[in-house]
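To start, the structure itself, in structure tokens.
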Amino acid sequence: QHIDRVDDWDIYYEEYLFEKDMEDIHRAKEKYKGRLVIFSGIEIGQPHILSDKKLSKIEALGYEFKIGSLHNLKNCFDFYYLNYKKTTDMYDRGIYNRYINELIDMTDCGFIDTLGHITYPERYMKEAGKDFVYSEFEEGFSRLFEKLAKSKISLEINTSGLRQGLYHTMPKIELLELY
């Protein structure tokens with residue numbers, strides 16, 4: 001399952017029924033026992049800014065795998081809504097530096113097993129005809145990767161870019177080599 005719910009922005013997202021989700025997963029595990037291995041997993045956007053109460057509630061449900069993702073910066077809207085055709089290169093670099101720093105912060109929340117699609121804004125930059133140059137952010141990515149290793153958080157290799165016009169995984173091979 002995938003949930004993007006931010007404490008102060010409840011009006012933007014419909015209520016997610018965690019308990020029902022887990023009931024459905026347990027029912028499927030029983031139904032396919034011995035024939036299919038099913039894990040309970042969830043992707044949570046911005047887990048580092050969720051309240052401890054919400055994180056505790058999700059933790060208590062016993063998801064076996066938790067992906068943390070960053071779809072928007074603190075107090076900002078999803079990168080999906082940013083019109084990169086109207087932004088400057090300097091603005092884009094500033095946003096991306098903030099994005100990497102917030103990914104680093106997210107590794108401190110102690111809640112996630114994997115960090116998801118660490119180049120998420122790139123897909124929208126590409127749609128606007130902008131190329132993303134990873135080497136400009138190598139220092140930030142290096143700090144992020146060191147933090148992931150120390151925290152024992154894995155890095156997701158998201159393949160959606162292969163079918164969504166990026167023609168590469170997220171992250172690209174250059175970042176995987178750095179990792």
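The values are calculated or read from the model by the stated rules, or taken from the named source; none is laboratory data. On a predicted model such as this, the values are computed, not experimentally measured, just so you know. Reconstructed Cβ throughout: ideal geometry from the backbone, glycine too, with neighbour counts over all protein chains shown. The area values use the complete protein model at the heavy-atom level, side chains included, leaving out ligands, DNA and RNA. Shrake-Rupley method; radii C 1.70, N 1.55, O 1.52, S 1.80 Å.
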Taking I100 as the residue in question, decide whether it is open to solvent by less than 20 Å² (accessible area, probe 1.4 Å) and of a type in the set (A, V, I, L, M, F, W, C). yes
Within region 9-30, can one find any residue that is in contact with a Pro (Cβ under 8 Å, 6 or more places away or on another chain) and at pLDDT below 85? no
Report, ordered by the first and then the second residue, all pairs with beta carbons closer than 8 Å, sequence separation of six or more or different chains, a first member in region 146-164 that is open to solvent by 70 Å² or more (accessible area, probe 1.4 Å), and a second member that is charged (D, E, K, R). Q164/R123
Taking into account only those residues within region 35-78 that are small (G, A, S) and at negative phi, which is modelled with the lowest pLDDT? S51
Residue selected from region 32-52 under the condition charged (D, E, K, R) and more than 13 Å from the chain's Cα centre (by Cα), by the criterion most open to solvent (accessible area, probe 1.4 Å): R35
